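Undergrad: The structure that follows is given in the form of structure tokens.
Just so it is clear, none of the values below were taken in a lab; they were calculated from the coordinates. Given the structure is predicted, the values throughout are model-derived calculations rather than measurements. Reconstructed Cβ throughout: ideal geometry from the backbone, glycine too, with neighbour counts over all protein chains shown.
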Amino acid sequence: MGYVDEVIDLVVKKNSSEPEFIQAVKEVLESLRPVIDANEETYRREALLERLVEPDRLFKFKVPWVDDKGNVQVNIGYRVQFNNAIGPYKGGLRFHPSVYTGIIKFLGFEQIFKNSLTGLPIGGGKGGSDFDPKGKSDREVMAFCQSFITELYKYIGADVDVPAGDIGVGGREIGYMYGQYKKITGLYEGVLTGKGLTYGGSLARTEATGYGLLYLTEEMLKCNNNDIKGKVVAISGSGNVAIYATQKAHQLGAKVVTLSDSNGWIYDPEGIDVAAVKEIKEVKRGRIKDYLNYRPNAKYTEGKGVWSVKCDIALPCATQNELDLDDAKQLVANGCFAVAEGANMPTTLEATEYLQKNGVLFAPGKAANAGGVATSALEMTQNSERLSWTFEEVDAKLQQIMVNIFHNLSDAADRYNVPGNYVTGANIAGFEKVATAMTAQGIW
């Protein structure tokens, strides 16, 4: 049995109740076989893979808070600090009922390689809670966030671990947590990113993941003799990533015709009205079906089905494993030629393999959605220097980072004789930097 297989077996045995984490490890290690086989003796001697798949530390803690009826509620909080070989731990906080140890570990593991791909000095981490901010008042969200950070503050810092937002954690939640961190520690530092513009936030951070997704997609098409202009795009989700991916796609001359949420999805053949969606989601905190109040000619469908629409490009921006094998078959049958992941691991392994085998250009999330964390790192830089860059400055840096990411992963795929396999290329490009740093720093 080879080294890769041994480590995968070890992960499966030790983490049998965490399917998402196992899936992420398998996907990465399988694609790294060419690199690992070429360096097996060194990596095995140093137990490099065993150290890579085991987090440096994992925190789990209770989060008690008082609701508007005066009742005490108790949620669970998590933070995984996975690997800091190339910089402080960096990764978002997710507030969602689905959050448990396996989700946090899968996201933290993926974050190692995503952060490495940006070319910036940030390591991999992730965190969150099973708290659901939907339907909660601002006061309840504040109470929860203050209790959450009262425990988490002990383990984070501007040069230690810098959390950001993720699903369920936007500017409101970051603000409440930052205020509590500052109150407890007395420190005004760049410990959280995604902050408001009046207290250390970065312009273009809100748009960054969605914009970055389109910058990488555009470059991928250019390098494959195609153009995003005039293409029909299907997008899932209706949160931050989906909204700004839609906005940037329209700016680049494409037409986005779908968005979705956990209840259902909309189809607007004339092109999604971004202003309407922003009002629904960012102002009213409503559901995507409310879109019909703005565009009555659009169609709303309960449940799943967003990938059944005929499109040229598909951008899954909702959640993990949302695009399965049947969806992939529908996309191929309808002529879709490019898929780029705006969410973390939104495509199942079987669907990814099917898309690749059928000639669909496929950009994995750790590369395609790295714009958010890249701009978070730019926010950290501005905080450290006590500077504030213009929107245009940040956006230009973001675009260059995403273009560089694509070329780095494409070059890695070429070097290991799998041209066009951007999943393998992204994993190799991200891994090589981390592995070199781990080896140089000795056993820790």
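Undergrad: Taking neighbour counts of Cβ atoms within 10 Å as a proxy for exposure, in what order, fewest first, do GLU207, GLU40 appear?
TA: Details: GLU207 23, GLU40 15.
Listed from fewest to most nearby Cβ atoms, that is GLU40, GLU207.
Undergrad: Through the Karplus equation 6.51 cos²θ - 1.76 cosθ + 1.60, θ set to phi - 60°, convert the phi angles of segment 299-308 into ³J(HN,Hα) values in whole Hz; use x for Gly and Pro.
TA: Once θ is set to phi - 60°, the couplings for segment 299-308 become 10, 10, 10, 5, x, 8, x, 4, 8, 7 Hz.
Undergrad: Kyte-Doolittle mean at least 0.0 and Cα extent at least 15 Å along the axis: which DSSP H helices of the chain qualify?
TA: Within the chain the helices that satisfy the rule are 3-14, 19-31, 101-117, 138-152, 208-222, 422-440.
Undergrad: With 10 angstrom as the radius, rank ARG51, ARG285 by how many other C-beta atoms surround their C-beta, starting from the fewest. Could the numbers behind the result be given before it?
TA: Details: ARG51 15, ARG285 11.
Ascending number of Cβ neighbours within 10 Å: ARG285, ARG51.
Undergrad: Something else: Can you give me the Kirkwood hydrodynamic radius for segment 208-363, using every pair of distinct Cα atoms, in Å to one decimal?
TA: In segment 208-363 this quantity evaluates to 15.1 Å.
Undergrad: In addition: When DSSP beta bridges are limited to those with both residues in the chain, what percentage is antiparallel, rounded to the nearest 5?
TA: Taking every DSSP beta bridge within the chain, about 50 percent pair in antiparallel fashion.
Undergrad: Here is the link list: LYS222/LYS329; LYS183/LYS281; LYS105/LYS357; LYS134/LYS278; LYS255/LYS397; LYS114/LYS154. Which ones come out longer than 19 Å on Cα distance?
TA: From the list (LYS222/LYS329; LYS183/LYS281; LYS105/LYS357; LYS134/LYS278; LYS255/LYS397; LYS114/LYS154), the Cα-Cα distance tops 19 Å for LYS222/LYS329; LYS183/LYS281; LYS105/LYS357; LYS255/LYS397; LYS114/LYS154.
Undergrad: SER384 to TYR199: extension gain in nm, 0.36 nm per residue of separation minus the Cα-Cα distance? Please report the intermediate quantities before stating the final value.
TA: Details: separation 185, 0.36 × 185 = 66.60 nm, distance 1.31 nm.
Length gained between SER384 and TYR199: 65.3 nm.
Undergrad: On to the next question. Positive end of the charge dipole of segment 164-312 (Lys, Arg +1 and Asp, Glu -1 on Cβ, about the Cα centre): tell me which of VAL277, THR301, THR185 has its Cα farthest that way.
TA: THR185
Undergrad: While we're looking at this one, here's another question. Putting +1 on Lys and Arg Cβ atoms and -1 on Asp and Glu Cβ atoms, find which of THR348, ASN240, ALA338 reaches farthest to the positive end of the dipole of segment 208-363.
TA: The residue sitting farthest along the positive end of the dipole is ASN240.
Undergrad: Would you mind ranking SER16, SER129 so that the residue whose beta carbon has the fewest other beta carbons within 10 Å leads the list? Before the final figure, lay out the partial values.
TA: On the way: SER16 9, SER129 27.
The order, fewest Cβ neighbours first, is SER16, SER129.
Undergrad: Once you have the alpha carbon radius of gyration of the chain, what is it after dividing by 2.2 N^0.38 Å, with N set to its residue count?
TA: Rounded to two decimals, the normalised Rg is 0.94.
Undergrad: In addition: In the neighborhood of ASP326, defined by Cβ-to-Cβ distances under 11 Å, what is the net charge if each Lys or Arg adds +1 and each Asp or Glu adds -1?
TA: That works out to -1.
Undergrad: List the aspartates and glutamates whose Cα sits under 19 Å from the Cα of LYS195, skipping any in the same chain fewer than 8 residues away.
TA: Of all the aspartates and glutamates, those that pass the test against LYS195 - Cα under 19 Å, at least 8 places apart if same chain - are ASP138, ASP159, ASP161, ASP166, GLU173, GLU207, GLU282, GLU379, GLU385, GLU392, GLU393, ASP395.
Undergrad: Same structure again: What shape does segment 180-246 have by the C-alpha gyration tensor, where a ≥ b ≥ c are the square roots of the eigenvalues, rounded means a/c under 1.5, and otherwise prolate means a/b greater than b/c and oblate the rest?
TA: Since a/c reaches 1.5 and a/b is larger than b/c, the shape of segment 180-246 is classed as prolate.
Undergrad: Step by step: find N for segment 3-187, compute 2.2 N^0.38 Å, then divide the Cα radius of gyration by it. What's the final number? Write out the running numbers ahead of the final one.
TA: Working: Rg = 17.9 Å, N = 185, 2.2 N^0.38 = 16.0 Å.
Compactness ratio reported: 1.12.
Undergrad: Another one. State the Cα centre-to-centre distance between segment 305-351 and segment 201-234 in whole Å.
TA: After rounding, the separation between the Cα centres reads 16 Å.
Undergrad: Please work out the ratio of the alpha-carbon Rg of segment 208-268 to 2.2 N^0.38 Å and round it to two decimals.
TA: It is 1.10.
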